[in-house]
Each structure stands twice: as structure tokens, then as C-alpha cells.
């Protein structure tokens, strides 16, 4: 039980540290509101879960070997996020009530989280520290707790950003610039994710 408490504390600290996932969650929450921020959180959590499935399945070493081959996927994500950031930065101010929710928020979040080699390798090194007997069931429990803490922590980022959205409605030009900056930061963060 002490191990799970330590995992919860360590993961909570990780959630507080800004990174590409957090930047995308904040950007989507600012632009589209809590509902789409929550969809982004669900997407990033599923992306991390895909990585954990590789870690638990013992395929992290294989992915590390193939990472160079798959680098183009990460760079496509970088280009897409930076393009979204620049496009959003340049958009004219809009009434928030008129913005329709974008259904691709889940997939953006999932793609960003799944193609980040830095988090895959980090998770492969981080999670085994909390598994004492190496059994698949204990890995599954640790992975579930890890994902739960990430999901709740990222959901708090979405709540925070969507609350700030109301304030930023008064300054709609700045809202687009802040959202664009967070999207661009997510892309840059992904670009800086090295093995």
C-alpha cells in the first residue's frame, strides 16, 4: 500500500510539470471549453495507455529500436500542432458561444501522447520501480493507478483553463493568441522530446 501511495504522489508531481500534453489540454479548453478539454484529456490518457500496454507487454525495447524509423510520425505531429498554433494565433476574435466543439480533440490528444518517445521510455523506466514481484497483475494495477492520477490531474488542468476561458472572453483577441501559443508550445515540446 505504501508503494501505491508513493506512486500517486510521484505521478501527481509529474502531472503538475508542464509538457506537450498539458499544453494541448489547456489550448483546447481555452478555445472550446471544458467538454472538449475533457475529450483531449481522454485522448492523452488513451495515448499514454497505449504506451503502457507496450511497456507492460515488454515491447518498449522493440519500440526503442524502431523509434528512429518512426520519427517521421512525431515530426508530422509537430508540424500539425505548430500549424494549428499559428492558425489559431492569427484567427480573428470570435464569440465563444458560437464556437462549435471540434470532434477531433480526442484524436489530437491521443496522437500527441502516443507518439512521444520521451514518455514511452520514461514510463518504461518509471513504472517498474513500483512493481515488487514483476507479475502482470501488479503491472496492471500500477498502470491503472498511474493512468487514473494522470487523468484526474489533467482534468484539473482542463477545469482551470476552461474557467480562465470566461475571463478571456472579455479579451477575445488575447484568447486566440494564448491558445495559439499553447498549441505551438505543445508542438515544440513534442519536437524537443528526444530519446
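Here 130, 122 are placed in order of increasing Cβ neighbour count within 10 Å, fewest first, which gives 122, 130.
For 29, 163, the sequence from fewest to most other C-beta atoms within 10 Å is 163, 29.
With a simple spin-label model that places each label point 7 Å from the Cα along the Cα-to-Cβ direction, the separation between residue 160 and residue 87 comes to 2.8 nm. Placing pseudo-labels 7 Å out from each Cα toward the beta carbon at residue 13 and residue 141 gives an inter-label distance of 2.3 nm. Ranked by how many other Cβ atoms sit within 10 Å of their own Cβ, fewest first, the residues 159, 48, 82 fall in the order 159, 82, 48. Taken along the Cα-to-beta-carbon direction at a fixed 7 Å, the label points for residue 167 and residue 2 span 4.2 nm.
No lab work stands behind these numbers, since they all come straight from the coordinates. These figures come from a predicted structure and were not determined experimentally. Glycine gets a Cβ as well: all are built from the backbone with ideal geometry, and neighbour counts include every protein chain shown.
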